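So the structure is just underneath, and the comments pick up after that.
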Amino acid sequence: QSGPVIDMPVPASFNDITQDPSLENYIGWVWYEKEVLLPLRWLQDDLNTRVVLRFGSAHYYSIVWVNGVQVVEHEGGHLPFEADISSIVQGSPGIPCRITVALNNTLTPHTLPPGSIQYMNDKTRYPKNYFVQNIRFDFFNYAGIHRPVVLYTTPSVYIDDITVTTTSSESVAMVQYQVSVVGSTLYSLSLSLHDQEGKVVATGDGPAGELKVLNPNLWWPYLMHENPGYRYSLEVKMQAQANGALLEDVYTLPVGIRTIHVTSTQFLINGRPFYFHGVNKHEDADIRGKGLDWPLVVKDFNLLRWLGANSFRTSHYPYAEEIMDLCDAYGIVVIDECPGVGIKMPESFGNKSLQHHLLVMEELIRRDKNRPSVVMWSVANEPASELPPAAYYFKTVIAHTKALDPSRPVTFVTDANYALDRGAPYVDVICVNSYFSWYHDPGHLEVIPLQLTTQFENWYKTYQKPIIQSEYGADSVPGLHSDPPLMFSEEYQKAMLREYHSVFDKKRKEYVIGELIWNFADFMTNQGTTRVLGNKKGIFTRQRQPKSAAFVLRERYWKIANESSCLPPIIKSHTLFL
């Protein structure tokens, strides 16, 4: 028994595709189904070929069947999952392979992000069994199969994972590697590292070791070097005997050679001070919702580079791998955030939530650990970190993250009071969100200098750790003008930015290491009396057209870049901001 069946594009959110208002705000199970014919050669050498079905992401809870056989379940809306379907498809060549996905977007106090279902029991005001999904985050909970679904093959003995870390000095770099092979213990591995011209610069063998690179080209951020985002190619070749055949699996991993070091006042990339002048983003656009869309992705990167932005945070969930690939290639620095947004209720700090949060960090790190663009993990955004259980919760999540990846600093983004925040003792960099003259003292731009200066000084005095202003901003309705500036006008957004910037300019000479505007572009939210077709804090509209604030930010970012970052890398300067 099936309900109505409609065509649904993949990748895309299902919410905005139809004219049906009940689908726009639908909560619960939806079903996707597709039949595909697999190449015969995948099915004939069935002993030595492994067929895998991979999802880039699906929001939120997925159960997948192939030809009626359940092959995988996955919780979490922003990370990949896959299933080995060889045994199901290889017995029946020529027969279509039917892929069925059941998807549920319900959020509970123990999901990431959390939410709650509220039943409205007043029968005089609501129909029978009426409920709403409550969320404590300010973006629309789009659902669907948001990223590509692919079928691929490997040999039955295959390269399962590679981990690379790098260290470097003036004239030599070391690339440490670990390779895991699944399917047999009898195999050989050979590795070769190629530069961008294709020349082999180092070779190695075996499952773990170190490659030595002389006079390396380092991976530099955009605007910090004339050749940003330099990547080598690490070719890993495995050979194994199985079932009387010689199997070969080859994987090529892009490798950026770069180091990160955090002091009490600076964030160093390759030994040079790095200042984050960037944005917060969302995966969000008209019609497709959170679905991966290549034209949009490339447009956004062109806008980022036009703006002079060198960085962004993946607010508030991991972004598509295709986006991360371009960050690596273009030298855009990333604070990689898990979906830990809206952790507000006491029950979201219990063991059930914690266990899932640790698993999500494992999935995220496994996916993004080899990316040179990723310089820091963020384990949450604006949690209720003043609650007593937050201390143990964040101590545990951050320790787990560092155990999985000792090579990167870890943070979470706070809007709690500096004196009450129970998670802050465990972070390496303080990331603070504040909206002075917007959510506090609305309309009073004159309070910003005092309040923002006090914010920075209180946090630094308490923790002696570098600080990033991880969010600040104001809504502006494009085309709405007012002088003197009034809230929601383009002029007010510009005026607020300028007040914040004058404080940043004083404090970046001391210990402020970054500023990330909220937000890159307008985005959809739940409906509410303060939201006019979504959040309007973008410096670009949802259609990616600039508001006045974009030009203010562009002028500022290029000025900062020209002051500091475009020094040739041979100049060793540790006084860039003095």
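The values are calculated or read from the model by the stated rules, or taken from the named source; none is laboratory data. Since the model is a prediction, treat every value here as computed from it, not as a measurement. Using ideal geometry, Cβ is built from the backbone for each residue, glycine included, and neighbour counts are taken over all protein chains shown. Heavy atoms of the whole protein, side chains included, go into the accessibility calculation; ligands, DNA and RNA do not. Shrake-Rupley method; radii C 1.70, N 1.55, O 1.52, S 1.80 Å.
At a glance:
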item	result
Looking only at the range 294-311, and only at residues there that are within 30 Å of LEU23 (Cα to Cα) and over 16 Å from the mean Cα position of the chain (by Cα), the one that is most open to solvent (accessible area, probe 1.4 Å)	TRP294
Options LEU23, LEU40: the member that is open to solvent by 40 Å² or more (accessible area, probe 1.4 Å) and of a type in the set (A, V, I, L, M, F, W, C)	LEU40
All positions within the range 312-347 that are open to solvent by 10 Å² or more (accessible area, probe 1.4 Å) and among the β-branched types (Val, Ile, Thr)	ILE323
Residue within the range 509-530 that is in contact with a Pro (Cβ under 8 Å, 6 or more places away or on another chain) and within 18 Å of GLU382 (Cα to Cα) present	no
Candidate set from the range 165-174 (those that are surrounded by 16 or more Cβ atoms within 10 Å (Cβ to Cβ) and touching a Lys or Arg at 6+ places or on another chain (Cβ under 8 Å)); member that is farthest from GLU248 (Cα to Cα)	SER168
Residues of the range 188-208 that turn out to be under 18 Å from MET174 (Cβ atoms), open to solvent by 30 Å² or more (accessible area, probe 1.4 Å) and touching a residue at least 12 places away in the same chain (Cβ under 8 Å), as a count	6
Selection count, the range 8-27, where residues are in contact (Cβ under 8 Å) with a residue 12 or more places away in the chain and over 26 Å from PRO295 (Cα atoms)	2
Residue count for the range 524-553, restricted to those that are closer than 20 Å to HIS481 by Cα and not in a loop (DSSP other than H, G, I, E, B)	10
Strands (runs of 3 or more DSSP E) fully within the range 57-114 counting 2 or more residues that are open to solvent by 20 Å² or more (accessible area, probe 1.4 Å) and under 30 Å from ILE343 (Cα atoms)	61-66, 69-75
The listed residue being surrounded by fewer than 20 Cβ atoms within 10 Å (Cβ to Cβ), aliphatic (A, V, I, L, M) and within 20 Å of VAL333 (Cβ to Cβ), out of LEU268, LEU223, LEU214	LEU268
Elements of type strands (runs of 3 or more DSSP E) in the range 119-232, at least 1 residues being under 27 Å from SER311 (Cα atoms) and under 23 Å from the mean Cα position of the chain (by Cα)	158-168
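Quick grid of which residues meet (1) free of Cβ contacts under 8 Å to residues at least 60 places away in the same chain; (2) under 30 Å from GLY204 (Cα atoms):
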| position | (1), (2) |
| --- | --- |
| TYR126 | yes, no |
| ASN141 | no, no |
| HIS146 | no, no |
| SER180 | yes, yes |
